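The values are calculated or read from the model by the stated rules, or taken from the named source; none is laboratory data. Fair warning: this is a prediction, and the values are worked out from it, not measured in the lab. Cβ atoms come from the backbone with ideal geometry, glycine included; neighbour counts cover every protein chain shown.
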Amino acid sequence: MVRLLLIEDDQAIVDALTLSLGRLDHTVEHLGAAPEDLEQRVAATDAVILDVGLPGEDGFAVCRRIRRSSAVPILMLTARSDDIDTVAGLEAGADDYVVKPVSPRVLDARIKAALRRSAPAAEPAPAPSSEATAPSNDGPLTVDRAGAEVLRDGAPLPLTPTEKRLIYAFADHPGQVLSREQLLAMAWNQDFLGDSRLVDNAILRLRPKIDPPDGPSHIETVRGFGYRFRPAP
Ligand code: CA
């Protein structure tokens with residue numbers, strides 16, 4: 001059973017999703033807009049399904065608010081399917097997005113995929129060689145997969161789940177140039193028909209979080225190919 005928090009103002013969608021997700025053995029708590037005690041509500045839930053078009057504070061703003069205190073999986077529901085919404089949603093810290101009208105089975109599959117990705121204990125243990133060649137050994141960044149953290153000087157960096165998965169993908173392929181398509185498959189999910197610009201966007205946001213303020217970047221752009229991670233920039 002998965003505890004879901006559904007933030008959606010369209011009652012027809014709420015009724016349909018509550019019924020169908022309930023049948024799939026999830027419990028659904030529903031809110032028509034983001035409440036003041038959002039943090040407490042989120043803390044008591046396994047995943048958030050968040051409509052973009054909400055009265056008052058929109059879904060992107062709500063998403064950013066949740067991300068200030070929680071790494072809970074967030075799936076955005078959007079009525080529009082253009083790239084700008086997708087990028088905006090993922091930039092705000094969402095894990096995935098589903099375009100309305102949404103099939104409950106598709107939503108269920110996306111929820112489960114997001115939960116799997118966010119549960120480090122459920123992931124296969126990394127091979128010893130990958131651990132040995134992780135950037136942690138050579139640079140100031142440490143990849144702690146068991147704790148699902150990327151650390152600098154022992155302190156966890158405030159990265160989104162997607163940003164962490166990007167670093168894990170690089171750590172698994174030390175010294176290799178990874179294409180945008182490879183990164184999309186590794187850091188998002190395999191059936192994610194995303195735009196490779198999502199990768200460029202995510203790396204743009206990730207760099208200032210991991211790079212020294214005036215030094216070169218950990219993530220080298222290899223023109224025409226993709227990106228390469230350098231343990232020590
Ligand atoms: Ca709406």
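Take the residues of the range 41-64 that are assigned to a helix (DSSP H, G or I) and out of contact with any helix residue (DSSP H, G or I) (no Cβ under 6 Å at 6 or more places or on another chain): which is nearest to the ligand (Cβ to nearest atom)?
Only one residue fits best here, namely Gly59.
Name every residue in the range 1-13 that is buried (at least 20 other Cβ atoms within 10 Å of the Cβ) and either more than 16 Å from the ligand (Cβ to nearest atom) or of a type in the set (S, T, N, Q) (or both), in order of residue number.
As a first pass, look at the range 1-13 and keep what is buried (at least 20 other Cβ atoms within 10 Å of the Cβ): 4-8.
The one that is buried (at least 20 other Cβ atoms within 10 Å of the Cβ) and either more than 16 Å from the ligand (Cβ to nearest atom) or of a type in the set (S, T, N, Q) (or both): Leu4.
Criterion first (farther than 21 Å from Trp188 by Cβ and either modelled with pLDDT of 90 or more or among the β-branched types (Val, Ile, Thr) (or both)) does Val14 satisfy it? Can you show your working first?
Working: farther than 21 Å from Trp188 by Cβ: yes; either modelled with pLDDT of 90 or more or among the β-branched types (Val, Ile, Thr) (or both): yes.
Yes, satisfied.
So Leu54 clears everything in (1) out of contact with any Leu (no Cβ under 8 Å at 6 or more places or on another chain); (2) at pLDDT below 90 except one condition, right? Which one?
(2)
If we keep just the residues of the range 182-218 that are of a type in the set (D, E, K, R) and under 17 Å from the mean Cα position of the chain (by Cα), which is modelled with the highest pLDDT?
Arg207
Scan the range 42-58 residue by residue and report those that are small (Gly, Ala, Ser) and under 15 Å from the mean Cα position of the chain (by Cα). Outline the logic, then answer.
Let us first name the residues in the range 42-58 that are small (Gly, Ala, Ser), namely 43-44, 47, 53, 56.
If the condition is that a residue be small (Gly, Ala, Ser) and under 15 Å from the mean Cα position of the chain (by Cα), then Ala47 is the only one that fits.
Residues of the range 14-40 being part of a helix (DSSP H, G or I) and either in contact with a His (Cβ under 8 Å, 6 or more places away or on another chain) or buried (at least 17 other Cβ atoms within 10 Å of the Cβ) (or both), which ones? Full working, then the answer.
Initially, the range 14-40 is screened for residues part of a helix (DSSP H, G or I), giving 14-23, 38-40.
Listed by number, the residues that qualify are Val14, Leu17, Thr18, Ser20, Leu21, Leu38.
Among (1) modelled with pLDDT under 90; (2) within 16 Å of the ligand (Cβ to nearest atom); (3) not in a strand (DSSP E or B), there is one condition Tyr97 misses while meeting the rest; what is its number?
Of (1) modelled with pLDDT under 90; (2) within 16 Å of the ligand (Cβ to nearest atom); (3) not in a strand (DSSP E or B), only one is false for Tyr97: (3).
Mind checking which residues of the range 31-40 are within 13 Å of the ligand (Cβ to nearest atom) and aliphatic (A, V, I, L, M)? I'd like the intermediate steps shown before the answer.
Taking the range 31-40 as the starting set, the residues that turn out to be within 13 Å of the ligand (Cβ to nearest atom) are 31-34.
Across the range 31-40, the qualifying residues are Leu31, Ala33, Ala34.
Looking at Gly59, Gly147, which one is at pLDDT 70 or above and closer than 26 Å to Ala16 by Cβ? Working first, answer last.
Details: Gly147 fails: closer than 26 Å to Ala16 by Cβ.
Exactly one of Gly59, Gly147 is at pLDDT 70 or above and closer than 26 Å to Ala16 by Cβ, namely Gly59.
Any idea which of (1) crowded, with 20+ Cβ neighbours inside 10 Å; (2) modelled with pLDDT of 85 or more; (3) in a loop (DSSP other than H, G, I, E, B) is the one Ser70 doesn't satisfy?
If we test Ser70 against (1) crowded, with 20+ Cβ neighbours inside 10 Å; (2) modelled with pLDDT of 85 or more; (3) in a loop (DSSP other than H, G, I, E, B), just (1) comes out false.
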